[in-house]
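Enquirer: The structure under discussion is supplied below as structure tokens; questions concerning it will follow.
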Amino acid sequence: MLIEPKSLTLFCFPCAGASAATYLRWRRLLPDWIGVEPVEPPGRGARIAEPLIDDYDSLVDRMTDELAGALPTNYVFFGHSMGALLAYGCAHRLRDRRERGPRALILACCAAPTRRDEERLARLRTDAALLQELKDLNGTPTDVFEHPELLRLTLDILRADFGVCSSFRRFERAPLDLDLHIFGGVDDEIEEERLTAWSLETSAATTLQMFDGGHFVIRDRESDILASLRNALRGFAPAERESRRAFS
């Protein structure tokens, strides 16, 4: 796909069980110099007819193939939960291919590669366990639980996505050379120590910002998240456009 030229393109990777549609509203909530480009994994949303992929390396290879060759000059990856792992993987794959890489990674509510809880993921295999996980995370619309066909689709996507997360392995390669901005929720089960360990994955700077809320803090504290997101991206914005926005 060809990307419309923007001062900065923000590629957004969704969390497990979710679709890229999560980020569509950001197009009108972020400044016009940021081009929001949601990244849709196969098997959901606009790609519902395609088979789901439940292996991390296979999914990252597929998504990197689709992004490579049409990348803008100036772009950043954002990922929430599983989306953070996908953004991290695509950044590594693009570097391996000597493609133009992102200027930074902004990762929300995802434990660092060295602080993953593999035992928890291994327990999430049955429908009952997946259903309880949906309820515990409190990030699924209540309508989903009231419609059997929609719930079946959601559980199938979630099972595949947890397979992606379970098959993730840390890249045993040189750290990335780009800034990492990490967002977390103070009530999320992913503690601050597991977030700060992202600093091991880059030779550049790492920042951490905690917000009131749980695992879906990017939804529950959206205005705060977007304010911090804009602040993190400001360094990539042409000064004259940001100045006009400030005084409009």
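Derivation of every value follows stated rules applied to the coordinates shown; laboratory data play no part. This one's a predicted model, so the numbers in the text were calculated from it and none came from an experiment. As a convention, Cβ positions derive from the backbone with ideal geometry for all residues, glycine included, and neighbour counts pool all protein chains shown.
Enquirer: Report the net charge of residues surrounding L29, where surrounding means a beta-carbon distance below 10 angstrom and charges are Lys +1, Arg +1, Asp -1, Glu -1. Present the calculation step by step, with values, prior to reporting the outcome.
Expert: Details: positive: R25, R27, R28, R230; negative: E222.
Surrounding charge for L29 is +3.
Enquirer: Here is a further query. When a/c is below 1.5 the answer is rounded, else prolate if a/b is larger than b/c, else oblate, so apply that to the chain with a ≥ b ≥ c taken from the square roots of the Cα gyration tensor eigenvalues. Before the final figure, lay out the partial values.
Expert: Numbers: a/c = 1.43, a/b = 1.35, b/c = 1.05.
Rounded, because the longest to shortest axis ratio a/c is under 1.5.
Enquirer: Mean separation of Cα pairs under 8 Å and 6+ residues apart, divided by the residue count of the chain: what relative contact order is that in percent?
Expert: Details: 411 pairs, mean separation 50.7, N = 248.
Dividing the mean separation by the residue count of the chain yields 20 percent.
Enquirer: At 0.36 nm per residue, and after removing the present C-alpha to C-alpha distance, how many nm does the segment from K135 to D187 gain when stretched out fully? Could you put the intermediate results ahead of the total?
Expert: Working: separation 52, 0.36 × 52 = 18.72 nm, distance 1.56 nm.
Difference between extended and current length: 17.2 nm.
Enquirer: Tell me the net charge near R44. Cut-off is 11 Å between Cβ atoms, R44 excluded, with +1 for each Lys or Arg and -1 for each Asp or Glu. Intermediate values should be presented prior to the final figure.
Expert: Working: positive: R47; negative: E40, E50, D156, D161.
Combined, the nearby Lys, Arg, Asp and Glu give -3.
Enquirer: Can you give the net charge of the other residues whose Cβ lies under 14 Å from the Cβ of I157, counting K and R as +1 and D and E as -1? Present the calculation step by step, with values, prior to reporting the outcome.
Expert: Values: positive: R44, R47, R152, R159; negative: E40, E50, D54, D127, E133, E149, D156, D161.
Once positives and negatives cancel, what remains is -4.
Enquirer: If I take R0 = 30 Å and measure r between the Cβ atoms of D177 and A46 in this structure, what FRET efficiency does the formula 1/(1 + (r/R0)^6) give, to the nearest 0.05? The partial results should precede the final answer.
Expert: On the way: r = 33 Å, r/R0 = 1.11.
Efficiency, rounded to the nearest 0.05: 0.35.
Enquirer: For every helix of n ≥ 4 consecutive DSSP H residues, a contribution of -39,500 (n - 2.57) applies; sum these over the chain, divide by its total residues, and give [θ] at 222 nm rounded to the nearest 500 deg cm²/dmol. Mind dumping the intermediate values first?
Expert: Details: 11 runs with 102 residues, N = 248.
Here the helix-only value at 222 nm equals -11500 deg cm²/dmol.
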